[in-house]
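The structure under discussion appears below in the form of structure tokens.
The values are calculated or read from the model by the stated rules, or taken from the named source; none is laboratory data. From a predicted model like this one, the values you see are computed outputs, not experimental measurements. As a convention, Cβ positions derive from the backbone with ideal geometry for all residues, glycine included, and neighbour counts pool all protein chains shown. The area values use the complete protein model at the heavy-atom level, side chains included, leaving out ligands, DNA and RNA. Shrake-Rupley method; radii C 1.70, N 1.55, O 1.52, S 1.80 Å.
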Amino acid sequence: MKSLLLIVSIFISQIFTFANTWHVGKKASLQGIQQAIDGAMNGDTILVDSGIYQQKNIVIHKSIVLWGIGYPVLDGEKKYEPISVRANHVTVY
């Protein structure tokens with residue numbers, strides 16, 4: 001009986017994993033969107049403050065939520081794709 005309780009508790013603890021929230025912006029600890037994506041794990045949320053982000057081809061390679069606050073602009077400088085999604089279960093707001 002104790003082994004069954006142990007197995008069930010391990011299984012339940014794996015279900016309730018917690019995602020992190022990353023904040024990108026001029027006044028935030030991260031100024032680069034790609035830097036936040038690279039540091040994030042699957043299931044995390046990245047909040048991007050308003051502003052103009054001139055970054056070459058931001059690649060989303062993890063299952064994350066990318067959420068713009070106050071209409072941030074991803075400027076590809078007419079040379080680059082602003083964003084490429086290379087993962088499943090990605091949400092962009």
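Going through the range 1-43 one residue at a time, which ones are of a type in the set (Gly, Ala, Ser), open to solvent by less than 90 Å² (accessible area, probe 1.4 Å) and modelled with pLDDT of 65 or more?
Passing the criteria: Ser3, Ala19, Gly25, Ala28, Gly32, Ala36, Gly39, Ala40, Gly43.
Consider the range 59-93. How many of its residues are among the hydroxyl-bearing types (Ser, Thr, Tyr) and surrounded by 14 or more Cβ atoms within 10 Å (Cβ to Cβ)?
Residues in the range 59-93 being among the hydroxyl-bearing types (Ser, Thr, Tyr) and surrounded by 14 or more Cβ atoms within 10 Å (Cβ to Cβ): 2 in total.
Taking Ile46, is it surrounded by 10 or more Cβ atoms within 10 Å (Cβ to Cβ), at pLDDT 95 or above, touching a Phe, Trp or Tyr at 6+ places or on another chain (Cβ under 9 Å) and part of a strand (DSSP E or B)?
yes
Assuming Lys56 fulfils every condition listed in (1) at pLDDT 95 or above; (2) surrounded by 12 or more Cβ atoms within 10 Å (Cβ to Cβ); (3) assigned to a loop (DSSP other than H, G, I, E, B); (4) of a type outside the set (A, V, I, L, M, F, W, C) apart from one, which condition is it?
(1)
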